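In what follows, a structure is listed as structure tokens, so that the remarks can point back to it.
Readers should treat all values here as calculations from the given coordinates under stated rules, not as data from a laboratory. The structure displayed is predicted, hence computed values, not measured ones. A quick note on method: Cβ atoms are made from the backbone with ideal geometry, for glycine too, and the neighbour counts reach across all protein chains shown.
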Amino acid sequence: MDFELGIIGAGPAGYAAAIYAVRAGIKTLVFDKGIGGGLAAISPNIENYPGFESISGFDLVEKMKNHASKYTNINFNEEVKNIKKNKDGFTIETDKSYNVKAVVLCLGTEYRKLNAPGEAELTGKGVSYCATCDGFFFKNKIVAVVGGGNSALIEAIYLKQIGCKKVYLIHRRDQLRAEKAYEQEAIDKGVKIIFNTRVENIKGADKVEFLELHDVKSDKISKLVVDGVFISIGEVPQSTLAKDLGCKIDDKGFVIVDKQMRTSVKGVYAAGDITGGLRQVVTACAEGAIAALASTESVGKKYPY
């Protein structure tokens, strides 16, 4: 065997898995199609990761990368195109081939984008995709949430309860897709819901200053002054490799795992955002550690957990 364990994805889950696997005596290799870090790397500030009162997402994942790199090689910019079962385990195919006994999938998710002008340029400067991560920075400020599902309503309610001065919910249709209980709670808490409206532009010089809104019924364009906008129109799990391997996937595209982060395919584990749930850095790290140690059963080693 070239390696005993292949970890696909170098975000918090992948870094934690690598550290725990190598310390358990497992010969490990990590792959990432880019420069690593996952979605955590684009968070401007993280204040809920224990041990750091405030740290940028980039700096936090850099520390993780440096830590993991002391234990094993991380093949950045090497995209895994396929994973095939073989008689001894799995073959990981990039532009090369690697044989391993077990695989940990830390594939993560991508936020679904509005693709509105200004969105990319102002990400981290008032444009956010995670109220849990960034909401605290908008206390006593005016914000908008874009979306109409449960997640958008929950984020709007959360932003109101942590002390945002005003919270708008912008939805392109004439009714929400969320549960009525969430809609009523949002209204009761003072969230202003704007129906039949699309965000056409996100405007600002160095930070978000206002939104250009398009009323789809009247065809009128209006301006909404805000300090921040939270885009909550879903996440796209990067689960293609898991599906191709035959792992069971839920109806939202997340990989189904048990408490030891085992997938439905023997020898394949998954950790981090790809498994759904809370999708925070701290849980990704914990799941990566669990998956790495659980993989000892597939590589023929013992670990006293």
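List of remarks:
- Distance between the stretch 263-282 and the stretch 55-82 - C-alpha centres, whole angstrom: 18
- Cysteines not pairable in the chain (beta carbon separation under 4.7 Å absent): Cys106, Cys164, Cys247, Cys285
- Fewest-first ordering of Ser151, Ser97 by other beta carbons within 10 Å of each residue's beta carbon gives Ser97, Ser151.
- A simple charge model with +1 on the Cβ of Lys and Arg, -1 on the Cβ of Asp and Glu and nothing else charged puts the dipole of the chain at about 420 debye relative to its Cα centre.
- Listed values (1) 48, 28, 17; (2) 40, 19, 17; (3) 51, 22, 16, entry calculated as semi-axes √(5λ) of the Cα gyration tensor in Å: (2)
- Stretch gain in nm, segment Lys27-Asn48, where the contour uses 0.36 nm per residue and the Cα spacing is subtracted: 4.3 nm
- Separation between Cα centres of the stretch 145-160 and the stretch 174-234, rounded to whole Å: 10
- Per-peptide average of other Cβ atoms within 10 Å, ordering 18-31, 214-227 highest first: 18-31, 214-227
- Subset of Lys160/Lys207; Lys160/Lys217; Lys113/Lys192 violating a 24 Å alpha-carbon distance limit: Lys160/Lys217
- Distance violations [Cα-Cα > 27 Å] among Lys27/Lys87; Lys189/Lys259; Lys252/Lys302: Lys189/Lys259; Lys252/Lys302
- Note on the chain: with a GNM built from Cα contacts shorter than 10 Å, the maximum mean-square fluctuation among Phe230, Phe137, Phe90 falls on Phe137.
- Residues Tyr168, Tyr158 arranged by fewest to most Cβ contacts within 10 Å: Tyr158, Tyr168
- Around the amide H of Val104, modelled in the peptide plane, lie the amide H atoms of Gly6, Ile7, Ile8, Tyr269, all under 5 Å away and 5 or more residues distant in sequence or on another chain.
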